[in-house]
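Student: First the structure, then my questions, so here it is.
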Amino acid sequence: MKYLVFFFLLGIISCSVINKEKYVTLSTFEEQKFLLTNEDSLLIDIENLKLKKFSDSCEKYKLNCFFCATDIYPQYEGGIPKFRKNIYQNLIIPRNSKPFNYKIKMVIGKNDNIKKVEVTNYKDEKVKKEILRVLSLPEIKKWKSAQSYIGIKVDYEIIFYLNIKQKKIN
């Protein structure tokens, strides 16, 4: 009889307690910018002078010259959806972590890699370490560097947020 009462009470309690599970969302890349060193700026200035000479000679000889200058942003091998998927698959959030919005600053370097990662807004040191661990995995580091409009590889900073939330399970 006491086992029957125990299982009955356990059933009532387990139905009334809210089971929670954590889930993670990644924001869009909120802030992005080229990070130019003095050396990068000098190289760009030199190339701009060459382009000016080219343009002047086209004008001088009345030629129809065309030059298409386009910045190339860093690209993740497989695209951003694959980047997100790899993060979701590898990230292990500790059970006792609290919901929070972690700000992540990532620099894609000139050598087709992640040069630097910083978690600048965090509440839980364990979650911060886990974010850093995941972003250092070989499959996450597969990036192609950004290039200035004249083809010089440059560092590129991306800021995004990883949001840990609680989810009710019915």
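The values are calculated or read from the model by the stated rules, or taken from the named source; none is laboratory data. No experiment lies behind these values; they were computed from the predicted model shown. Glycine also receives a Cβ, built like all others from the backbone with ideal geometry; neighbour counts cover every protein chain displayed. Surface areas here come from the heavy atoms of the whole protein model, side chains and all, with no ligands, DNA or RNA. Shrake-Rupley method; radii C 1.70, N 1.55, O 1.52, S 1.80 Å.
Student: Roll a 1.4 angstrom probe over the protein heavy atoms and tell me the percent of accessible area of the range 23-170 that is carbon or sulfur. The partial results should precede the final answer.
Tutor: Values: 4960 of 9570 Å².
With neighbouring chains kept in place, the figure for the range 23-170 is 52 percent.
Student: Oh, and also: Given N residues in the range 119-170, what is Rg(Cα) / (2.2 N^0.38 Å)? Can you show the working numbers first?
Tutor: Numbers: Rg = 16.0 Å, N = 52, 2.2 N^0.38 = 9.9 Å.
Expressed relative to 2.2 N^0.38 Å, the Cα Rg reads 1.62.
Student: Just grab the label-to-label distance for Asp124 and Ser136, each label 7 Å out from Cα along the Cβ direction, in nm (one decimal).
Tutor: Label-label distance for Asp124 and Ser136, simple model: 2.0 nm.
Student: Another question about this same structure. Measure nothing but the geometry: give the 0 to 90° angle between the long axis through the Cα atoms of 2-16 and the longest principal axis through the Cα atoms of the chain, rounded to 10°.
Tutor: 30 degrees
Student: Okay, moving on. Using a Gaussian network for the chain with springs between C-alpha atoms less than 10 Å apart, which of these wobbles most: Leu42, Leu26, Leu63?
Tutor: Sorting by GNM fluctuation, first place goes to Leu63.
Student: Counting only trypsin sites (Lys or Arg not before Pro) that are in a DSSP loop and have at most 10 other C-beta atoms within 10 Å, tell me the longest site-free stretch of the chain. Provide the component values of the computation, followed by the final result.
Tutor: On the way: sites that count: Lys62, Arg95.
Excluding the exposed sites themselves, the longest stretch runs over 96-170.
Student: Before I look further, what does the chain give for accessible area per residue, probe 1.4 Å, in whole square angstrom? Let's see the in-between values first.
Tutor: Details: 11820 Å² over 170 residues.
Solvent-accessible surface per residue comes out at 70 Å².
Student: At q = 0.13, 0.16 Å⁻¹, what is the log10 ratio I(q)/I(0) for the range 29-165, with the Debye formula run over Cα points and no solvent?
Tutor: -0.65, -0.85
Student: Net charge around Asp56, counting only other residues with Cβ within less than 13 Å of its Cβ (Lys, Arg = +1; Asp, Glu = -1)? Intermediate results must be reported in sequence, preceding the final value.
Tutor: On the way: positive: Lys50, Lys52, Lys53, Lys60, Lys62; negative: Glu59.
Local net charge: +4.
Student: Work from the charge dipole of the chain (Cβ charges, +1 for Lys and Arg, -1 for Asp and Glu, about the Cα centre) and give the residue of Ile114, Leu35, Pro81 farthest towards its positive end.
Tutor: The residue sitting farthest along the positive end of the dipole is Pro81.
Student: What are the aspartates and glutamates whose alpha-carbon lies under 16 Å from the alpha-carbon of Lys103, with same-chain residues fewer than 8 places away excluded?
Tutor: In chain and number order, the partners are Glu30, Glu31, Glu118, Asp124, Glu125, Glu130, Glu157.
Student: Could you state the angle between the C-alpha long axis of helix 125-135 and the longest principal axis of the C-alpha atoms of the chain, as a value from 0 to 90 degrees rounded to the nearest 10?
Tutor: Once rounded, the angle reads 50 degrees.
Student: Okay, helix-only estimate at 222 nm for the chain: each DSSP H run of n ≥ 4 adds -39500 (n - 2.57), divide by all residues, round to 500 deg cm²/dmol; what do you get? Kindly include the intermediate steps, with their values, before the conclusion.
Tutor: Values: 4 runs with 60 residues, N = 170.
Mean residue ellipticity at 222 nm (helix-derived): -11500 deg cm²/dmol.
Student: Whole-Hz Karplus ³J(HN,Hα) for the range 106-113, in order, using 6.51 cos²θ - 1.76 cosθ + 1.60 and θ = phi - 60°, x for Gly and Pro?
Tutor: Using θ = phi - 60°, the values come out as 10, 10, 8, x, 6, 9, 6, 8 Hz.
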